[in-house]
Structures are given as structure tokens and as C-alpha cells.
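The structure appears below as C-alpha cells.
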Amino acid sequence: DGGITQSPKYLFRKEGQNVTLSCEQNLNHDAMYWYRQDPGQGLRLIYYSQIVNDFQKGDIAEGYSVSREKKESFPLTVTSAQKNPTAFYLCASSAPTSGRAIWSGELFFGEGSRLTVL
Amino acid sequence: AQSVSQHNHHVILSEAASLELGCNYSYGGTVNLFWYVQYPGQHLQLLLKYFSGDPLVKGIKGFEAEFIKSKFSFNLRKPSVQWSDTAEYFCAVTSLPGGYNKLIFGAGTRLAVHP
């Protein structure tokens, strides 16, 4: 089935350690996103990528890094510089496929990764 | 900066009660509007969306939302809720032109429906 796969589902890390969250999609979507979900704050955009080898900072990019070397993959690294990393991280992708003029507006989300810093 | 406000953080209803969840946004230009839903243990998924045309849009599972431009609102409604509607609901907006990659979400409303 087509979809978005995030791993790991649960992750624990010690303070000062970097950790990388995986996000893979087989929907052939150009755009991919990382959001952070905290109780009472909704979803906040960390980074997004419209195309391979290009990505843009979202609203809360500090302490995070991403890469987009392949269309299917958009890993997120939570660095030790992120002051409050414990959160639920959601990866998403969106249509259109290349060349389409109108964006559908629908994001397809993964199941999320819950990171806890001990 | 663009923002989305959801007025109720927690709503508790009995089955068959009517539902209305408020959503207001701050952007004054052309917008696309969305409601997403996150059922317990499931992916966040699209409930309905408004791009243009009829301001009353219908989504899945009997939900509808009305876009009122003068009030910058996009409230979600359902005439009769079911226990299975228990979920968290998020309103989201993106501005045009050029904003299609930045979907701004509200804080969410947790709905609990009791049998």
C-alpha cells in the first residue's frame, strides 16, 4: 500500500545526543514536511522540501536539520542544540506530482515518532 | 504572521448531540482552508477542505464546514455526533499565492463523545 513510513515509532535519547528520525514515502509526492506536535499547540512546521536537494526552514527550525537526497526520503535530525526536543514528530507529503499546477491541499501523514529525552 | 485559532480545546458531548467547532484565521488575502482529524492511534487525515466556490463544504462522515469570509471563520459542524467521532480536530490554513507549502495549524480541539 502507498503511504508514509516513519521510524522509529518511539525513541529515547540522552541529553546532548543527536538523533535522526526516518521518513519514507512511496506516493511519488514532490513535497515533504516535518511537523512537531505538542499538547495544546497543534502542529508546528519544522522544515519542508518541495523538491529533491532543496528544503526550507519552517517556523521552528532551530536545533533541527534535514536532507532531501532522494524523492522518497526526508530524514530529520534532532540535534543537541534543540532545547526542548521531547515531542511527537509527524512527517507528511503532498501532491501534486511534478508539473501539476494546482496543489490539492491534502497532506498525507505518517504515524509519527515520539521522541523522549531523558 | 498568519495564525489559526480554535476556540475550544476540549469538548465533551453525548451521542446524537450537535457539534460545532470554531476556527478563525488571521490572514486577509486568499486562503485555502482545511479540517484534519486524528482518531486515537491513527494517522492525521483530511476531513474536508475549501478552496473556492460554495462556502458550505461537505466532508467525510457527515461533517461539513462553512467559510464566512467576513468573519475569517471556517467552523466545523455535524448535526448528530457518534461515539466514533471521538478524536482530535485541527483547523488549518494556507495563504495564496505562494503559500502552498506552509499549512498553518490551529492548536486542535479534543472531542470526546459519550454513549
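For the list (1) open to solvent by less than 50 Å² (accessible area, probe 1.4 Å); (2) more than 14 Å from chain A (Cβ to nearest Cβ); (3) under 13 Å from B:Asn32 (Cα atoms), I need the number of the one condition that B:Leu103 fails.
The failed condition is (2).
Looking at region B:60-75, can you tell me whether even one residue there is within 13 Å of chain A (Cβ to nearest Cβ), modelled with pLDDT under 95, open to solvent by 20 Å² or more (accessible area, probe 1.4 Å) and in contact with a Lys or Arg (Cβ under 9 Å, 6 or more places away or on another chain)?
no
Among the residues of region A:18-43, what is the count of those that are loosely packed, with under 15 Cβ neighbours inside 10 Å and facing chain B (nearest Cβ under 9 Å)?
Selection size over region A:18-43: 3.
Going residue by residue through region B:78-98, is there one that turns out to be among the basic types (Lys, Arg), more than 12 Å from chain A (Cβ to nearest Cβ) and surrounded by fewer than 17 Cβ atoms within 10 Å (Cβ to Cβ)?
Looking for residues that are among the basic types (Lys, Arg), more than 12 Å from chain A (Cβ to nearest Cβ) and surrounded by fewer than 17 Cβ atoms within 10 Å (Cβ to Cβ), one finds none in region B:78-98, hence no.
Does any residue of region A:90-101 turn out to be surrounded by 15 or more Cβ atoms within 10 Å (Cβ to Cβ), over 10 Å from the mean Cα position of the chain (by Cα), away from every other protein chain (no Cβ under 14 Å) and not hydroxyl-bearing (Ser, Thr, Tyr)?
no
Restricting to region B:18-37, and then to whatever is open to solvent by 30 Å² or more (accessible area, probe 1.4 Å) and either in a strand (DSSP E or B) or under 18 Å from B:Pro79 (Cβ atoms) (or both), can you tell me which residue is farthest from the other protein chains (Cβ to nearest Cβ)?
B:Ser18
Quick check on A:Ile51: is it open to solvent by 20 Å² or more (accessible area, probe 1.4 Å), within 11 Å of chain B (Cβ to nearest Cβ) and β-branched (Val, Ile, Thr)?
Numbers: open to solvent by 20 Å² or more (accessible area, probe 1.4 Å): yes; within 11 Å of chain B (Cβ to nearest Cβ): yes; β-branched (Val, Ile, Thr): yes.
For A:Ile51, the condition - open to solvent by 20 Å² or more (accessible area, probe 1.4 Å), within 11 Å of chain B (Cβ to nearest Cβ) and β-branched (Val, Ile, Thr) - is met.
Take B:Val57 and decide whether it is within 25 Å of A:Asp38 (Cα to Cα) and open to solvent by less than 60 Å² (accessible area, probe 1.4 Å).
Values: within 25 Å of A:Asp38 (Cα to Cα): no; open to solvent by less than 60 Å² (accessible area, probe 1.4 Å): yes.
So B:Val57 does not fit the description; no.
When the residues of region A:66-90 are narrowed to those that are among the hydroxyl-bearing types (Ser, Thr, Tyr) and part of a loop (DSSP other than H, G, I, E, B), which ends up modelled with the lowest pLDDT?
Initially, region A:66-90 is screened for residues among the hydroxyl-bearing types (Ser, Thr, Tyr), giving A:67, A:73, A:77, A:79-80, A:86, A:89.
Among the residues that remain, those that are also part of a loop (DSSP other than H, G, I, E, B) are: A:67, A:79-80, A:86.
Values: A:Ser67: 97, A:Thr79: 94, A:Ser80: 89, A:Thr86: 94.
So the residue we want is A:Ser80.
Which condition number in (1) of a type in the set (Lys, Arg); (2) in contact (Cβ under 8 Å) with a residue 40 or more places away in the chain; (3) more than 12 Å from chain B (Cβ to nearest Cβ) is the one that A:Arg68 fails?
Of everything listed in (1) of a type in the set (Lys, Arg); (2) in contact (Cβ under 8 Å) with a residue 40 or more places away in the chain; (3) more than 12 Å from chain B (Cβ to nearest Cβ), A:Arg68 misses just condition (2).
The values are calculated or read from the model by the stated rules, or taken from the named source; none is laboratory data. No experiment lies behind these values; they were computed from the predicted model shown. Please note: Cβ atoms are built from the backbone with ideal geometry, for glycine as well, and neighbour counts cover all protein chains shown. These accessible areas exclude ligands, DNA and RNA; they are computed on the full protein's heavy atoms, side chains included. Shrake-Rupley method; radii C 1.70, N 1.55, O 1.52, S 1.80 Å.
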